[in-house]
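Below is one structure; the comments refer to it alone.
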Amino acid sequence: MANNNAPLLEMRNIKKAFFGNQVLTDINLTLAEGEVLGLCGENGAGKSTLMKILFGMDVIRDTGGYEGDILINGEKVTFNTPFDALAAGIGMVHQEFSLIPGFTATENILLNREPKKKNVISEVFGDRLDTLDYNVMTGRAEAAIDKMGFHIDKNMVISEMPVGHKQFTEIARELSKDQLKILILDEPTAVLTEKEAEALLASIRSMSEKGIAVIFITHRLHEILAVCDRVVVMRDGYVVSDEPAANTTVNEISSRMVGRAVETTAKSEIRDKSDAKTIMSIRRLWVDMPGEIVRDVSLDIKEGEILGIGGLAGQGKLGIPNGIMGLYEAGGTVEFDGAKIPLNSPRKCLDASLAFVSEDRRGVGLLLDESLEWNVAFPAMQVQNKFLKNYLGGFVKWRDEKSIREVTERYIDELAIKCTGSKQKAKELSGGNQQKVCLAKAFALEPKFLFVSEPTRGIDVGAKSLVLEALRKFNRESGVTVVMISSELEELRSICDRIAIISGGKVAGILPASKPSEEFGMLMVSMVK
Amino acid sequence: MKNKITAGKILSFVRDNSVPLMFVLICAVCIPISGFSWGYLINEIVTRMGRNIFLILALLIPIMSGMGLNFGMTLGAMAGEIALILVSDWQIWGIPGVVLAMIISIPISVLLGAFCGKILNMAKGREMITSYIISFFMNGIYQLIVLYMMGSIIPIKHFSIKLPRGYGIRNTVSLLNMRQCLDNLLAVRISGVKIPVLTFLIIGVLCLFIVWFRKTKLGQDMRAVGQDMNVARDAGINVERTRIISIVMSTVLAGFGMVIYLQNMGNIATYSSHSQIGMFCIAALLVGGASVDKASIGNVFLGVILFHTMFIVAPKAGAEITGDSMIGEYFRVFVSYAVITVALIMYETKKRKHKSQNAQQLQLAQEEADKHE
Amino acid sequence: MNETLDKTNMTLRDRLKAFVDSFGLPRLIIAAFLLMLYIAAPIVGAGFWMQISNTINRFSWNAVMVLAMVPMIHSGCGLNFGLPLGIISGLLGATLSIELGFTGPLSFLMAILIATPFAIVLGILYGWLLNKIKGGEMMIATYVGFSSVSFMCMMWLLLPYHSPTMVWGFSGKGLRTTISLEGFYDKVLANFLQINIGNLSIPTGTLLFFAVLAFGMWAFLHTKTGTAMTAVGSNPTFAKAAGVNVDKMRMLSVVLSTWLAAIGILVYEQGFGFIQLYMAPFYMALPAVSAILIGGASVNKASIANVIIGTFLFQGIVTMTPTVMNNMIHMDMSEVIRVVASQGMILYALTRKTEATK
């Protein structure tokens, strides 16, 4: 050891930008042996990026690396791959499981680190033909499970396990590594039952007693207070607070997570539309959208308003438009303009003059291999028979290239889409311009009601305000009711009249956009599942 | 209550083993109609087991590593054929000839297998159709070598196997001096049934090898790669290399298998022996109850017995029923293809299940909550 | 984030490389090879005009079957390795038309009419199956083709055909493996407005027939439904979100493809002069698949131009290699070249990353 006084881990002045977008600024962080550090912040605050840097993930290097230093025991280290980080004693349990479904817990715990025995054949053909030493494997797996302090069946096949046990298998895998000094847990309790979550907290405590430092990322703030020594709150790529857990409260943390100096575009006036008629009424909606499950949502939307839907990632806010528009299986009732909308049928929604701009631009929003003309005109052509010429008494519906070009060019002008022309392929545009094409596609439908999901995700600041301005204009000038779903609370507050916060697949509350962000922050973490 | 459980068990057993059971049924109907004696039948089946099992076992390793049915095993068969042609030109007969042919086939198989593996790594997710097309592509190269280069570039001395024009190999190459030399060594006759003990011993050794191989590090890696490539990669396993090794092993084993197969037949149909071999081996394996992602040694043995029983009795039974011998011939070809088709469809539909269960749970959860209120 | 290519700054070499990348090296080699054959043909004394007419002739026989690939590629079902299913519908049409006693040009028309319902019914079943196994279409299509051909082998023997021109002479039942079309529709299209100039002969009727079908396909792709089909192939989720019934579009494309294959085999027969039954349709999908790929199509993009160019190149190689190579090096390596070129092309296409970004 170079220096006994140096902390186990120190991160100094870490900076990171993605394509000129500053996502981390001057992050300083220390971690002592056996310390449990709670890390919280809204989605996009930079927690995951910071952990990716620490874990040496490829995506960091592929996007130009980072600035600043990482020191372990006072010595500077650089991790080019996760394997370097593993060798230095850092283990990470990701949100997505990284387990082989047909293997037992033991086999997964020791995946690619199996103890082996030499034999005659392997002497000749190399060590990949060593046989596995099952006895030693069992022993090591047992030891790791004991260390964790939560019992799982080491012989059970992963695909037959309850989801919580899979999470524990992952943790046991990290613990089975002898060199492990720091364990990063990225929202580990999201998939656990209440009992299992408690067991996990207990096991974190026992790990810390054994000298392992833990970085614990979660949205369940009471868990942080229950188990952590120190709490770090991040917002917009900065560390906004770093203090002992004993000195803070859930309220304080949540308000720090969302509270920020508002620097976004000029706020629009907030209108009170409570007297307007209810244009859409949602009752007991459930949606099976993986990762964004909606459990029981009831919501009334007033004609002409802009309603924001916010909440933390994974809490179900994205499931609402996707379920209503028929992209994921859904149940419950939705009434629009006095008539019931059948669920699970995109066509019926579109026929009823609803439109949807998906958060998944590349997957759902665009025909990447086709021209802008096709992208803009396609839904209107299919649903409303626009941009078609009829021959033989309507038997032949011929694509009207001229009117398609006209409408596309009109939107290119109106939304200031940067492109070489209406014939350019959608995949060649930048993210912000692609988003504008998605909006143009929805506008071309001339809907009465528009769902916009994460309209500013992954686009630069300039494009952001243009997109928001276009939406506001669409709402004000055409009187279209807009429901905007976004992870960025400030963005919602800058454009919406009311904001509903979704937590745990349910509506945690609806507030006028003028309320201070702390109140929204409280709602966001209120029912987190 | 107990009856219900056993009934359910039987039902799920039937559903899980529908293909083998269907073949048992076909055989049960066709055997009496065909009028073959049991002695003859058993003799034939034992012969065919010795002839085919090694080849079919070659398919197990790519299935283990998640690359599906290796239609590219034809490549190994080609390697085996080229080796045998060379050996028979050198006039090395009997057991030494067989052993030498196997040894010569190894470098050719490794080369072809590595090529095949490389291409399959470029076509992940559609390995089967690609390996199927590779077998056609390689057939072209094989013809180039055997029909044009042998005798002109690759020295071939003996006129018995060369075409009269001076280069290229004849349509059939006789292996008369090598015929069944493995099968006859140590052969035992039990009430008229000839059992090729040595061949079965070799097969037994291969089975042991496969069982052992599953327990090696490489075998474990292959299973991991087969189930989830990304997880395996994250754990530090070299996925691409593991997949190539798996195809190379399969190709080498198929080369050995082809040598065993041809020494039993006693001659090489130079331009057609290999072309159907992949299809028949795959069909036999599937008949034994294997699927695209799961196959065991038991499947191989059961498959060979059922498939070849059907193969032997179908033409005769067809002729007895319809009076036309061709019907049975076509029937067995149809059945071979149909079995593969059904297995592929079952595999693909299974991959797409599991959905909507989640949705039902959500609805249930709401109803539960209502009850509590 | 400027993702658009700045084309002005490219050097000639970059451009050449970009051209080769977009066109595909194998395709370039095949085209160059064919060009070489045409140059070599007169030199080695294999009459140039003869070769050209041969190529055009074979083009006219095969083009419709290659056209049959287009709809399924457009709807994202991939290459239709199950073409034999459509061919079987065509064969049923052909044999039933003769069995019912039609002769001359009328027998061709009737063959098409009778084949149509078969193609539609089989196409619907086939499409239904492919909708259940999205993503695994190509392998299953191959084996659906094989199974149906081997099933029909039994049927050709068992179905009660009686026409003496078709059944085996001695037993009086069971269809022959090849049936001559003389007196039926042998060359009915080819002889229509045929042009003969010296050694050059052009089967105008067949070419016109193909032109009509190709125009129909081109026009269809310009209608509302055709646009929806292309969108389904380009991004099924986008199409679904835009209210298109994805399964219905795929089904329609499969039916269209199957029907075109049925017509395609009838056109082939009228040029060839014989109906080939039993195992003959077995491998017919592969030449059609490689032809359209050689023409510039990929697993999920194809145009009418790809069909025309591809069929011409592929049939050019098929007709030219035996004669030219034979005259040149006195070695008939045409079979090898054909197999390596066509299968190599399919392999190349399969190993390309599918362009549709998901």
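The values are calculated or read from the model by the stated rules, or taken from the named source; none is laboratory data. All values derive from a computational prediction rather than experimental measurement. Heads up, the Cβs are rebuilt from the backbone with ideal geometry, glycines too, and the neighbour counts pull from every protein chain shown. Surface areas here come from the heavy atoms of the whole protein model, side chains and all, with no ligands, DNA or RNA. Shrake-Rupley method; radii C 1.70, N 1.55, O 1.52, S 1.80 Å.
Worth pointing out:
- With a requirement of 3 or more residues that are without any contact (Cβ under 8 Å) to a residue 40 or more places away in the chain, the helices (runs of 4 or more DSSP H) lying completely within the stretch A:103-217 that satisfy it span A:120-125, A:134-148, A:163-175, A:194-209.
- The set of residues from the stretch B:161-186 being over 25 Å from the mean Cα position of the chain (by Cα) and either assigned to a strand (DSSP E or B) or small (Gly, Ala, Ser) (or both) comprises B:LYS162, B:GLY166, B:GLY168, B:ILE169.
Residues are listed down the side, and each one gets a yes or a no for (1) among the hydrophobic types (A, V, I, L, M, F, W, C); (2) more than 14 Å from every other protein chain (Cβ to nearest Cβ); (3) farther than 14 Å from C:ILE73 by Cα; (4) part of a helix (DSSP H, G or I):
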| site | (1), (2), (3), (4) |
| --- | --- |
| C:LEU313 | yes, yes, yes, yes |
| C:GLY316 | no, yes, yes, yes |
| C:ASP332 | no, no, yes, no |
| C:GLU335 | no, no, yes, yes |
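- Single condition A:TYR391 does not satisfy, out of (1) open to solvent by 80 Å² or more (accessible area, probe 1.4 Å); (2) more than 10 Å from chain C (Cβ to nearest Cβ); (3) under 13 Å from C:LYS224 (Cα atoms): (2)
- Residue pairs whose Cβ atoms lie under 9 Å apart, separated by 6 or more positions or on different chains, with the first residue in the stretch A:5-20 and open to solvent by less than 40 Å² (accessible area, probe 1.4 Å) and the second part of a loop (DSSP other than H, G, I, E, B) and of a type in the set (Lys, Arg), are A:LEU8/A:LYS181; A:LEU9/A:LYS181.
- In the stretch B:22-63, residue nearest to B:GLY113 (Cα to Cα) [restricted to those that are touching a helix residue (DSSP H, G or I) at 6+ places or on another chain (Cβ under 6 Å) and open to solvent by 30 Å² or more (accessible area, probe 1.4 Å)]: B:ARG51
- The listed residues are C:SER147, C:SER89, C:SER107, and the only one of them that is open to solvent by 10 Å² or more (accessible area, probe 1.4 Å) and among the hydroxyl-bearing types (Ser, Thr, Tyr) turns out to be C:SER147.
- Where strands (runs of 3 or more DSSP E) fall entirely within the stretch C:124-203, those with at least 2 residues that are away from chain B (no Cβ under 14 Å) and in contact with a Phe, Trp or Tyr (Cβ under 8 Å, 6 or more places away or on another chain) are at C:178-180.
- Positions within the stretch B:165-224 being among the basic types (Lys, Arg) and either within 14 Å of chain A (Cβ to nearest Cβ) or free of Cβ contacts under 8 Å to residues at least 40 places away in the same chain (or both), in sequence order: B:ARG165, B:ARG189, B:ARG214, B:LYS215, B:LYS217, B:ARG223
- Boolean, A:GLY332 is open to solvent by 10 Å² or more (accessible area, probe 1.4 Å), in a strand (DSSP E or B), free of Cβ contacts under 8 Å to residues at least 60 places away in the same chain and within 11 Å of another protein chain (Cβ to nearest Cβ): yes
- Options C:VAL267, C:VAL336, C:VAL307, C:VAL340: the member that is closer than 25 Å to A:GLU370 by Cα, buried (at least 19 other Cβ atoms within 10 Å of the Cβ) and in contact with a Leu (Cβ under 8 Å, 6 or more places away or on another chain): C:VAL307
- A:ILE121 meets the conditions (1) among the hydrophobic types (A, V, I, L, M, F, W, C); (2) touching a Lys or Arg at 6+ places or on another chain (Cβ under 9 Å); (3) more than 7 Å from every other protein chain (Cβ to nearest Cβ) in every case but one. The failed one is (2).
- Being closer than 23 Å to A:LEU318 by Cα, open to solvent by 10 Å² or more (accessible area, probe 1.4 Å) and away from every other protein chain (no Cβ under 11 Å) is a description that applies to A:LYS436.
- Checked against the criteria, B:ALA317 counts as assigned to a helix (DSSP H, G or I), more than 7 Å from chain C (Cβ to nearest Cβ) and at pLDDT 75 or above.
- Filtered by the rule that a residue be out of contact with any Phe, Trp or Tyr (no Cβ under 7 Å at 6 or more places or on another chain) and not in a helix (DSSP H, G or I), the stretch A:466-480 gives a lone residue, A:GLY479.
- Any hit, the stretch C:149-166, residues being touching a strand residue (DSSP E or B) at 6+ places or on another chain (Cβ under 6 Å) and within 24 Å of B:ARG332 (Cβ to Cβ): yes
- Residues in the stretch B:114-136 that are touching a Gly at 6+ places or on another chain (Cβ under 6 Å) and facing chain C (nearest Cβ under 7 Å) were compared, and the one that is most open to solvent (accessible area, probe 1.4 Å) is B:MET128.
- Unmet criterion (only one of (1) among the small types (Gly, Ala, Ser); (2) open to solvent by less than 30 Å² (accessible area, probe 1.4 Å); (3) touching a Ser or Thr at 6+ places or on another chain (Cβ under 7 Å)) for C:GLY183: (2)
- The residues of the stretch A:76-102 that are out of contact with any strand residue (DSSP E or B) (no Cβ under 9 Å at 6 or more places or on another chain), assigned to a loop (DSSP other than H, G, I, E, B), open to solvent by 10 Å² or more (accessible area, probe 1.4 Å) and at the interface with chain B (Cβ under 7 Å from one of its Cβ atoms), listed by number, are A:SER98, A:LEU99.
- There is no residue in the stretch A:347-361 that is among the polar types (S, T, N, Q), open to solvent by 60 Å² or more (accessible area, probe 1.4 Å) and either farther than 16 Å from C:ALA239 by Cα or assigned to a loop (DSSP other than H, G, I, E, B) (or both).
- With respect to the conditions (1) surrounded by fewer than 18 Cβ atoms within 10 Å (Cβ to Cβ); (2) under 23 Å from the mean Cα position of the chain (by Cα); (3) farther than 27 Å from A:MET257 by Cα, A:THR420 lacks only one, and its number is (2).
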